[in-house]
Amino acid sequence: MDDRLAMQGGTPVRTLPFGPSHFFGEEDIEILSEVIHAGTVSKGPKVAQFEREFAARHGVAHVGTVTSGTAAMHTCIGAINPDPGDEIIVTPWTSGGSVIGALLHNCVPIFADIDDTFTLDPADVEAKITPRTRAIIAVHLFGNPCAMAALRAIADRHQLFLIEDCCQAHFAESQGEVVGSMGDINGFSFGGKHLSAGGGGAFMTDNEVLWERGLIFSDCALPRNSSPYAGRPYANYFLAPNYKMNDLMAAVLIAQLKKVDGYIEKKIRAAQQIIEQVSDIEEITPQRVREGDRNTYWVMGMSLDTDKLTCDAWAFAQALNHEGIPAGGPYIGSGKEGPLYRNPFLSEPNCYGRSHFPFDYKRDKPIDYRLVECPNGEKLMQRGFSIQMQPSFDDEDVADISAAIRKVFIHYRKPIHAIT
Ligand SMILES: Cc1ncc(COP(=O)(O)O)c(C=O)c1O
């Protein structure tokens, strides 16, 4: 067997492409053609049907659909209606989409560290609370739920809003509770996630006040017929975007909602098999799932004991890619940019022209994200890698992924005498 890495001219473990991330078929075409034949494709009965079905699946009172996960997270912020300069506590390992809405609302993200679940460490969240804190965003990273009971208790103790970012974690569960049902108002993305229409998003809540505000916020604060402002004179009542979903997207989501449990079961099965097949490699630790939680593995996160390897996690992921495995740095496609606070939109800062707004609003000194440090988040930068999970993964795919991880590990492990 050729044990040279593919990136050094060896034979890749995997040459065949993997299967699709979603299965689109006759059911999707049928419901889409129903919408087209009805002659109206804007927000209509299919949006209403999807919102009802998605709410029922989560046991929450209200779901509103929007155009993306970023729009959903912005709507959550719009619903709680913070003031400029208010602080929103969030994890450093997430998509920019978790905080773009907060920034558009002139709020400032404050980063709390993560633990070995790659999600917020509740103790550090509590340590980061100040009189200007308004909310905590709990991002269920890669499908792995946050410590929701602890975060709920902290939010209640300090009278903060708890917002779940469920964009990557459809139907994950924290101690038997489905994500999206525990925060005050919570966001989802349907752009390439478990449930996908190639775009779209949703927010959900049981709180009537947040529901009304979210609904109006996501539709220009106009008095539409179905809105809580119905009957008022036509006007834009506060600053708000148009984030409305249309019936074409909703139709695909209705069809895909029937398939999503199958996708998730397959991803969980494949992830568990991979974890089992590399479990003898002590230098590789999968993202910890709290006992009693359900990770739905949009992506599988792992960390490496790089003290015992001759490479960092980024190089490890690159080598896996050359072996034909869809791997990335600690955060999917990204890697070198590091935790979110190192991204130029915060570190330069590159938000509003050349100003420091909102990081200097009513502060003696502007927040300088170049000085932020979350030690565990930094460690993950060196040690974390991720594998994109697909519902199409079969036993052979899983075996190839495990074999590639083992091959790359064997190549990069330090000889015993070299480990200090
Ligand atoms: C955790 C998280 N939040 C928010 C978003 C933004 O979602 P979208 O890409 O649909 O705007 C994403 C997208 O990947 C995400 O992963």
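The values are calculated or read from the model by the stated rules, or taken from the named source; none is laboratory data. Source: prediction; values computed, not measured. Counting neighbours? That spans all protein chains shown, and the Cβs are built from the backbone with ideal geometry, glycine included.
Looking at this structure, is Gly292 at positive phi, touching a strand residue (DSSP E or B) at 6+ places or on another chain (Cβ under 9 Å) and of a type outside the set (D, E, K, R)?
Numbers: at positive phi: yes; touching a strand residue (DSSP E or B) at 6+ places or on another chain (Cβ under 9 Å): yes; of a type outside the set (D, E, K, R): yes.
In short, yes.
Listed by first and then second residue, the pairs linking a residue in region 96-109 that is closer than 8 Å to Met73 by Cα to a residue that is among the small types (Gly, Ala, Ser), with Cβ atoms under 6 Å apart and 6 or more places separating them unless they lie on different chains, are Gly97/Gly69. Yes or no: region 342-360 includes at least one residue that is part of a loop (DSSP other than H, G, I, E, B) and in the same structural domain as Thr296 (by TED's automatic domain parsing). No, that holds for no residue.
One line per residue, one yes/no per condition, for (1) within 26 Å of Asp116 (Cα to Cα); (2) buried (at least 16 other Cβ atoms within 10 Å of the Cβ); (3) within 19 Å of the chain's Cα centre (by Cα):
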{"residue": "Leu304", "(1), (2), (3)": "yes, yes, no"}
{"residue": "Asp312", "(1), (2), (3)": "yes, yes, no"}
{"residue": "Ala317", "(1), (2), (3)": "yes, yes, no"}
{"residue": "Gly328", "(1), (2), (3)": "yes, yes, yes"}
{"residue": "Asn343", "(1), (2), (3)": "yes, yes, yes"}
{"residue": "Arg354", "(1), (2), (3)": "no, no, no"}
{"residue": "Leu371", "(1), (2), (3)": "yes, no, no"}
{"residue": "Ile410", "(1), (2), (3)": "yes, no, no"}
{"residue": "Lys414", "(1), (2), (3)": "yes, no, no"}
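Pairing each residue of region 374-401 that is over 18 Å from Pro286 (Cα atoms) with any residue that is among the charged types (D, E, K, R) and part of a helix (DSSP H, G or I), provided the two are 6+ apart or on different chains, yields C-beta distances under 7 Å for Pro391/Lys266; Pro391/Lys267; Phe393/Lys266.
Going by the conditions given, is Val47 touching a residue at least 40 places away in the same chain (Cβ under 8 Å) and within 30 Å of Ser218 (Cβ to Cβ)? Before the answer, list the steps.
Values: touching a residue at least 40 places away in the same chain (Cβ under 8 Å): yes; within 30 Å of Ser218 (Cβ to Cβ): yes.
Criteria met by Val47.
Scanning region 117-173 for residues that are out of contact with any Gly (no Cβ under 7 Å at 6 or more places or on another chain) and polar (S, T, N, Q) yields Thr117, Thr119, Thr130, Thr133, Asn144, Gln159. Filtering region 1-46 to residues that are β-branched (Val, Ile, Thr), part of a loop (DSSP other than H, G, I, E, B) and under 29 Å from the mean Cα position of the chain (by Cα) leaves only Val41.
Looking at the structure I just gave you, is Val60 assigned to a loop (DSSP other than H, G, I, E, B) and either more than 14 Å from the chain's Cα centre (by Cα) or not assigned by TED's automatic domain parsing to the domain that holds Glu173 (or both)? Considered against the rule, which asks whether it is assigned to a loop (DSSP other than H, G, I, E, B) and either more than 14 Å from the chain's Cα centre (by Cα) or not assigned by TED's automatic domain parsing to the domain that holds Glu173 (or both), Val60 comes out as yes. Scanning region 156-194 for residues that are within 16 Å of the ligand (Cβ to nearest atom) and in a strand (DSSP E or B) returns Leu162, Ile163, Glu164, Asp165, Ser174, Ile185, Asn186, Gly187, Phe188, Ser189.
Scanning region 122-138 for residues that are outside any strand (DSSP E or B) and among the hydrophobic types (A, V, I, L, M, F, W, C) yields a total of 4. Note on region 227-280: residues that are surrounded by fewer than 16 Cβ atoms within 10 Å (Cβ to Cβ), free of Cβ contacts under 8 Å to residues at least 60 places away in the same chain, out of contact with any strand residue (DSSP E or B) (no Cβ under 9 Å at 6 or more places or on another chain) and part of a loop (DSSP other than H, G, I, E, B) total 12. Of Glu34, Glu53, Glu27, all but one fail to be surrounded by fewer than 20 Cβ atoms within 10 Å (Cβ to Cβ), closer than 30 Å to Val398 by Cα and either away from the ligand (no atom under 13 Å from the Cβ) or at pLDDT 95 or above (or both); the exception is Glu27.
In a residue-by-residue description of region 7-20, the property of being buried (at least 23 other Cβ atoms within 10 Å of the Cβ) and at pLDDT 95 or above applies to no position. One residue is enough: does region 63-70 have a residue meeting the conditions within 12 Å of the ligand (Cβ to nearest atom), part of a helix (DSSP H, G or I) and in contact (Cβ under 8 Å) with a residue 12 or more places away in the chain? The answer is yes; a qualifying residue exists. So is Ala153 over 30 Å from Pro391 (Cα atoms), assigned to a helix (DSSP H, G or I) and more than 12 Å from the ligand (Cβ to nearest atom) or not? Against the criterion (over 30 Å from Pro391 (Cα atoms), assigned to a helix (DSSP H, G or I) and more than 12 Å from the ligand (Cβ to nearest atom)), Ala153 qualifies.
If you take the residues of region 111-124 that are out of contact with any helix residue (DSSP H, G or I) (no Cβ under 6 Å at 6 or more places or on another chain) and without any contact (Cβ under 8 Å) to a residue 40 or more places away in the chain, which of them is nearest to the ligand (Cβ to nearest atom)?
Within region 111-124, the first condition is being out of contact with any helix residue (DSSP H, G or I) (no Cβ under 6 Å at 6 or more places or on another chain), and the residues that meet it are 115-117, 120-121, 123-124.
From what is left, the residues that are without any contact (Cβ under 8 Å) to a residue 40 or more places away in the chain are 120, 123.
Numbers: Leu120: 12, Ala123: 22 Å.
It comes out as Leu120.
Go over the candidates Gly192, Gly176, Gly183 one by one and state the one that is surrounded by fewer than 23 Cβ atoms within 10 Å (Cβ to Cβ) and at pLDDT 95 or above.
On the way: Gly192 fails: at pLDDT 95 or above; Gly183 fails: surrounded by fewer than 23 Cβ atoms within 10 Å (Cβ to Cβ).
Going through Gly192, Gly176, Gly183 in turn, the sole match is Gly176.
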